[in-house]
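**Q** Just passing along the structure, written as structure tokens.
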Amino acid sequence: MKINKLFVIVFLLQIALLSSCKGNFNNGFNDDSSGKNPNKRSDVSMWKEINEANPISSNVFCADPTAVEYKGRLYVYGTNDHQQYFNAEKNTFEKIKSLVCFSTDDMVNWTYHGEINVGKIAPWIWASWAPSICSRVEVDGLTHFYLYFSNSGAGTGVITSTSPTGPWSDPLGHALVSTNTPGLKDCPNPFDPGVCIDENGVGWLSFGAGRASGGTAALPGSARIVQLGDDMISFASDFVKIDAPYLFEASELNYVNGTYIYTFNNSWDKRDDWPIEGVVPSSACSMSYMTTKTPLISSSWEYKGHYFKNPGEMGLTWGNNHTHFEKYKGQWYLFYHTQTLQEKAKIEGGFRSMCVDLLNFDEDKIVLSDTPGTRKGVSAIKNLNPFEKNAGTTIYTSADLWYDNPEKPEEIASKALNEGSWLMVKNVDFSADENELNLLAEVKGSGKIKVSLDRVDSSPVAEIEVNHDAYTEVTAALQEKVKGVHDVYFVFSAEDICLRNWEFSKTSIN
């Protein structure tokens, strides 16, 4: 499989920029993270502030977001930077062979569904980065999910499922796109896929990076789009070039109101030659977009401008750039990544974290405007209901927490790394009336889980006794009546205590 040498050199220079210094964290962990305490330290530490919604995860390094809505929840997927963190001091990406999945219905509390082990599902891969997902209801009445990913810089693969959390399967047994794909010419690095499905149910895939023969810094000539076949894993058209100025990587597709929107990451090159008249040149490593109504006519793609600067320009952290925008519950959101969690953890190495802010998007005119990335993030769109079963991996922020069974979404649980580890869930609505409550939780380990309201150090309203080698449902009566909206803290008294799910009840449990 042939890979463009110039692109690889630039890619490695970018890695050097991201990870120029040696990290001060423990090293040498193997791929089996379930039995490790990779973040363990002598004191309990919090990496995400209690008044900041970004990043999405308070403890998982992850990047290159994509999203899909299913049954009222928004599912977000990304590159599993934490796998590299387990195994190396610097994020040079080559050890990443898994993806991660989170979901939310309020935009601030995120449920971690664990790892998608692409290396096990598709053993032929070199790596798995930068996913892009779509879904549709098919003739069997089921919703089918198609998750495309970068096989290193060498191509694009796809895995499929009928659930947003898997199990996933490999329908091809090989890459969907590579430099050897029949009909694909002069695309040195056919990776970083973007996918969308239009109003007619037709799928489209974009990808590409590197410099094509005869390409220049201003017009590298390597971006491609293709119509997917009815099965979403074959092709129904020729590969068509998109002349994306200063293209570097991070293709993504959206289809809005009859218009196809292609977004991409601009290179770090100086804008010595700007090929688009009447449009301000893009800034270094920012995100730009192009639009068309006829995607298979190359000349119809029109460059519109850049809409998201490099996070370093916005007071966050410098690094590579990758975005996805998604409409959820009537509001457009921009997903991206930064290294702010790494910054808070006081480590180095280029480990990224997914974030979300409101997107400035006029969908009627199909105009994307400059969108800021922030540490504050977005506000909740609803309160959390404590009277239904909530996953123990649903978190706003946490301290010294990891996961049990991270490769089994149906069994995953939050797991204490230290005495005093905790997780917090935001905006829990106990109703306007005072109630005598019981708490039912599924737990494992030895010790106690103290439940506090609004502050991690406030007097507990309940204590869950944990003395079980296997997951067991236990109950605890609250020591006082509760009403209103509160942030709820679960504080673990000892290492290895696990919380799989919890719910409150207004009815006495005998």
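The values are calculated or read from the model by the stated rules, or taken from the named source; none is laboratory data. All values reported here derive from a predicted model rather than from experimental measurement. Heads up, the Cβs are rebuilt from the backbone with ideal geometry, glycines too, and the neighbour counts pull from every protein chain shown. The accessibility values were calculated without ligands, DNA or RNA, using every heavy atom of the protein model including side chains. Shrake-Rupley method; radii C 1.70, N 1.55, O 1.52, S 1.80 Å.
**Q** Examine segment 258-265 for a residue that is of a type in the set (S, T, N, Q), touching a residue at least 60 places away in the same chain (Cβ under 8 Å), more than 20 Å from VAL76 (Cβ to Cβ) and surrounded by fewer than 21 Cβ atoms within 10 Å (Cβ to Cβ), and state whether such a residue exists.
**A** Within segment 258-265 (the criterion being of a type in the set (S, T, N, Q), touching a residue at least 60 places away in the same chain (Cβ under 8 Å), more than 20 Å from VAL76 (Cβ to Cβ) and surrounded by fewer than 21 Cβ atoms within 10 Å (Cβ to Cβ)), the answer is yes, since at least one residue qualifies.
**Q** Moving to a separate point now. If I go through segment 416-475 residue by residue, how many of them are buried (at least 17 other Cβ atoms within 10 Å of the Cβ), under 24 Å from VAL108 (Cβ atoms) and of a type in the set (Ser, Thr, Tyr)?
**A** Qualifying residue count, segment 416-475: 2.
**Q** Taking into account only those residues within segment 114-141 that are assigned to a loop (DSSP other than H, G, I, E, B) and within 15 Å of GLY166 (Cα to Cα), which is most open to solvent (accessible area, probe 1.4 Å)?
**A** Taking segment 114-141 and keeping what is assigned to a loop (DSSP other than H, G, I, E, B), we get 117, 122-128, 138-141.
Subset that is within 15 Å of GLY166 (Cα to Cα): 117, 122.
Values: ASN117: 42, ALA122: 1 Å².
Going through the qualifying residues, I end up with ASN117.
**Q** Another question, if that's okay. Filter segment 91-132 down to the residues that are aliphatic (A, V, I, L, M) and over 17 Å from ASP64 (Cα atoms) and list them by number. Walk me through it before giving the result.
**A** Step one: list which residues in segment 91-132 are aliphatic (A, V, I, L, M), which gives 96, 99-100, 107-108, 116, 118, 121-122, 125, 127, 130.
MET107, VAL108, ILE121, ALA122, ILE125, listed by residue number.
**Q** In this structure, is SER169 open to solvent by 20 Å² or more (accessible area, probe 1.4 Å), free of Cβ contacts under 8 Å to residues at least 60 places away in the same chain and closer than 24 Å to ARG136 by Cβ? Reasoning before the result, please.
**A** Numbers: open to solvent by 20 Å² or more (accessible area, probe 1.4 Å): yes; free of Cβ contacts under 8 Å to residues at least 60 places away in the same chain: yes; closer than 24 Å to ARG136 by Cβ: yes.
Against the criterion (open to solvent by 20 Å² or more (accessible area, probe 1.4 Å), free of Cβ contacts under 8 Å to residues at least 60 places away in the same chain and closer than 24 Å to ARG136 by Cβ), SER169 qualifies.
**Q** Something else: Taking the stated definitions as given, is ALA217 part of a loop (DSSP other than H, G, I, E, B) and farther than 22 Å from ASP64 by Cβ?
**A** Details: part of a loop (DSSP other than H, G, I, E, B): yes; farther than 22 Å from ASP64 by Cβ: yes.
Yes.
**Q** Could you give every pair whose Cβ atoms fall below 8 Å, whose first residue belongs to segment 113-137 and is without any contact (Cβ under 8 Å) to a residue 12 or more places away in the chain, and whose second residue is of a type in the set (S, T, N, Q) and open to solvent by 10 Å² or more (accessible area, probe 1.4 Å), counting only separations of at least 6 or pairs across chains?
**A** The qualifying pairs are VAL137/THR143.
**Q** Shifting gears a bit: Would segment 66-83 turn up any residue that is touching a helix residue (DSSP H, G or I) at 6+ places or on another chain (Cβ under 9 Å), on the phi < 0 side of the Ramachandran plot and aromatic (Phe, Trp, Tyr)?
**A** Taking every residue of segment 66-83 in turn, none turns out to be touching a helix residue (DSSP H, G or I) at 6+ places or on another chain (Cβ under 9 Å), on the phi < 0 side of the Ramachandran plot and aromatic (Phe, Trp, Tyr).
**Q** Ok, one more. What tally of residues in segment 227-249 results from selecting those that are crowded, with 24+ Cβ neighbours inside 10 Å and under 29 Å from SER169 (Cα atoms)?
**A** Residues meeting the conditions: 1.
**Q** Based on this model, can you work out whether THR317 counts as in a loop (DSSP other than H, G, I, E, B) and either open to solvent by 10 Å² or more (accessible area, probe 1.4 Å) or over 20 Å from ALA244 (Cβ atoms) (or both)?
**A** Details: in a loop (DSSP other than H, G, I, E, B): yes; either open to solvent by 10 Å² or more (accessible area, probe 1.4 Å) or over 20 Å from ALA244 (Cβ atoms) (or both): yes.
Judged against the criteria, THR317 is a match.
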